[in-house]
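Enquirer: Shown below is the structure under consideration.
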Amino acid sequence: MSLTVVGSIAFDSLETPFGKKERVLGGAATHFSLSASFFTKVNIVGVVGGDFTEKEWEVFRRHHINVNDVEVIPDGKTFFWRGRYDYDMNVAHTLETQLNVFEKFQPKLSEKSRNSRLLFLANIMPTLQKQVRHQCPNAEFVAMDTMNFWISSMKDAVIETMKTVDCIVINDAEARQLAEEPNIHKAAKQLMKIADLKAVVIKRGEYGAILFTKDSFFACPAYPLESVFDPTGAGDTFAGGFMGFLASQNRIDESALRRAMIYGSIMASFNVEEFGTERVDKLEYHEINQRFRDFKKMTHFDDIPFEKMTSA
Ligand code: AMP
């Protein structure tokens, strides 16, 4: 029941309307693995520099995340991202990206990571995602994310990687950009067709997320929060809840996929309440369960169709 993830492990400098933080622990694979660790055993594949300290390792250890496949380059620097959000927190403005140790990274997976049942290719160079995909030929369900940075600079490579997976988990603007199609439903269908995907998950920030499979559609709202502090990593945290929950299930069918969407949304709703990884790091199971019940109530309605009045 394990899950392997490859992606960025980073230091993030963040600015939101509610404050600023310099060099906090971040990265797509970091947010993903913390979230998924509430549901299953997670192996993280990535690379960090000599500037990665005991404080950062401790976060992974606290959540029993297997870091044996994180390479350390003592004289290199960890991936760095600087981002800003204005009042529309659905839009991240990238101010600086330093690939640093990721530039020359050649992932080599241990047997444990190679044999895991599920694989997630979190946001990083699409060429690296594909290398990891090829090292896990027996994975039962493989999903990937990407972002505008890679779609703009290496679109063909993104599509080549997409052809090797079962599912893509992507935000709405990126789905439109990748499919070159403004209508989100058509874009999802287009992506499914280009890469013969089993599922397409489109994240829509505060408007929730939608799941497209070959013959069904499921929409899930976002949890109605009044205080959104820092949306960084919300998408990765969603993907961690989604894939982590799937890894905990015996069968990956429509029912499991729909509940995975709810767990993804729950985990993302916690992530945005504080800066970086702070909130998910101290999250407890009873809080997840409470939000699961809230989601059930929030989306329930009686199956009583409206009967048209026939009186003259
Ligand atoms: P999200 O808010 O879920 O889209 O992801 C935010 C995380 O993605 C941050 O913690 C960043 O470190 C990481 N990130 C930003 N740009 C990139 C990039 N070009 N490649 C990989 N990871 C990135």
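Enquirer: Within the stretch 189-204, count every residue that is open to solvent by 40 Å² or more (accessible area, probe 1.4 Å) and under 27 Å from residue 232 (Cβ atoms). Walk me through how you get there before you give the answer.
Expert: So the first thing to find is which residues in the stretch 189-204 are open to solvent by 40 Å² or more (accessible area, probe 1.4 Å), and the list is 189-190, 193-194, 196, 198, 204.
When the remaining residues are screened for being under 27 Å from residue 232 (Cβ atoms), the result is 204.
So the answer is 1.
Enquirer: With the requirement that a residue be in contact with a Ser or Thr (Cβ under 6 Å, 6 or more places away or on another chain) and of a type outside the set (Phe, Trp, Tyr), what does the stretch 46-58 give you?
Expert: So the first thing to find is which residues in the stretch 46-58 are in contact with a Ser or Thr (Cβ under 6 Å, 6 or more places away or on another chain), and the list is 48-49, 51-52.
Across the stretch 46-58, the qualifying residues are 48, 49, 51.
Enquirer: Report whether or not residue 167 is in contact with a Ser or Thr (Cβ under 6 Å, 6 or more places away or on another chain) and not small (Gly, Ala, Ser). Working first, answer last.
Expert: On the way: in contact with a Ser or Thr (Cβ under 6 Å, 6 or more places away or on another chain): no; not small (Gly, Ala, Ser): yes.
In short, no.
Enquirer: Can you tell me which residue within the stretch 105-123, out of those that are surrounded by fewer than 19 Cβ atoms within 10 Å (Cβ to Cβ) and part of a loop (DSSP other than H, G, I, E, B), is nearest to the ligand (Cβ to nearest atom)?
Expert: In this case the residue turns out to be 107.
Enquirer: Could you please find all residues in the stretch 25-41 being over 16 Å from residue 58 (Cβ atoms) and either of a type in the set (Phe, Trp, Tyr) or over 13 Å from the mean Cα position of the chain (by Cα) (or both)?
Expert: Within the stretch 25-41, 32, 38, 39, 40, 41 meet the criteria.
Enquirer: Do we have any residue at all in the stretch 107-117 that's modelled with pLDDT under 95 and of a type in the set (Lys, Arg)?
Expert: Yes, that holds for at least one residue.
Enquirer: Give 67, 45 a once-over and let me know the one that is among the β-branched types (Val, Ile, Thr) and surrounded by fewer than 20 Cβ atoms within 10 Å (Cβ to Cβ).
Expert: Numbers: 45 fails: surrounded by fewer than 20 Cβ atoms within 10 Å (Cβ to Cβ).
Sole residue among the options that is among the β-branched types (Val, Ile, Thr) and surrounded by fewer than 20 Cβ atoms within 10 Å (Cβ to Cβ): 67.
Enquirer: OK, next. Can you tell me which residue among 30, 78 is crowded, with 18+ Cβ neighbours inside 10 Å, touching a residue at least 40 places away in the same chain (Cβ under 8 Å) and under 17 Å from residue 113 (Cα atoms)?
Expert: Working: 78 fails: under 17 Å from residue 113 (Cα atoms).
Step by step, each of 30, 78 is checked, and only 30 is crowded, with 18+ Cβ neighbours inside 10 Å, touching a residue at least 40 places away in the same chain (Cβ under 8 Å) and under 17 Å from residue 113 (Cα atoms).
Enquirer: Here are some conditions: (1) in contact with a Leu (Cβ under 9 Å, 6 or more places away or on another chain); (2) near the ligand (Cβ under 10 Å from one of its atoms). Residue 33 meets all but one. Which one does it not meet?
Expert: (2)
Enquirer: Name the pairs: first residue in the stretch 243-263 and in contact (Cβ under 8 Å) with a residue 12 or more places away in the chain, second residue open to solvent by 50 Å² or more (accessible area, probe 1.4 Å) and of a type in the set (Phe, Trp, Tyr), Cβ to Cβ under 9 Å, at least 6 apart or on different chains?
Expert: 259/292; 262/292; 263/292
Enquirer: Testing residue 200 on (1) outside any loop (DSSP other than H, G, I, E, B); (2) closer than 22 Å to residue 65 by Cβ, one condition comes back false. Which one is that?
Expert: The number of the failed condition is (2).
Enquirer: Which fully enclosed helices (runs of 4 or more DSSP H) of the stretch 205-289 have 2 or more residues being more than 12 Å from the ligand (Cβ to nearest atom) and either modelled with pLDDT under 95 or open to solvent by 50 Å² or more (accessible area, probe 1.4 Å) (or both)?
Expert: On the way: elements: 234-247, 254-271, 278-281.
Where helices (runs of 4 or more DSSP H) fall fully within the stretch 205-289 and carry at least 2 residues being more than 12 Å from the ligand (Cβ to nearest atom) and either modelled with pLDDT under 95 or open to solvent by 50 Å² or more (accessible area, probe 1.4 Å) (or both), they are 254-271.
Enquirer: Checking the structure you have, find out if any residue of the stretch 129-145 is within 19 Å of residue 103 (Cβ to Cβ) and near the ligand (Cβ under 10 Å from one of its atoms). Talk me through it step by step, then tell me what you get.
Expert: Going through the stretch 129-145, the residues within 19 Å of residue 103 (Cβ to Cβ) turn out to be 129-132.
Okay, now just the ones that are also near the ligand (Cβ under 10 Å from one of its atoms), so none.
No: zero hits.
The values are calculated or read from the model by the stated rules, or taken from the named source; none is laboratory data. Fair warning: this is a prediction, and the values are worked out from it, not measured in the lab. We place every Cβ from the backbone using ideal geometry, glycine too, and count neighbours over all the protein chains shown. Please note that ligands, DNA and RNA were not included when accessible areas were found on the heavy atoms of the full protein model with its side chains. Shrake-Rupley method; radii C 1.70, N 1.55, O 1.52, S 1.80 Å.
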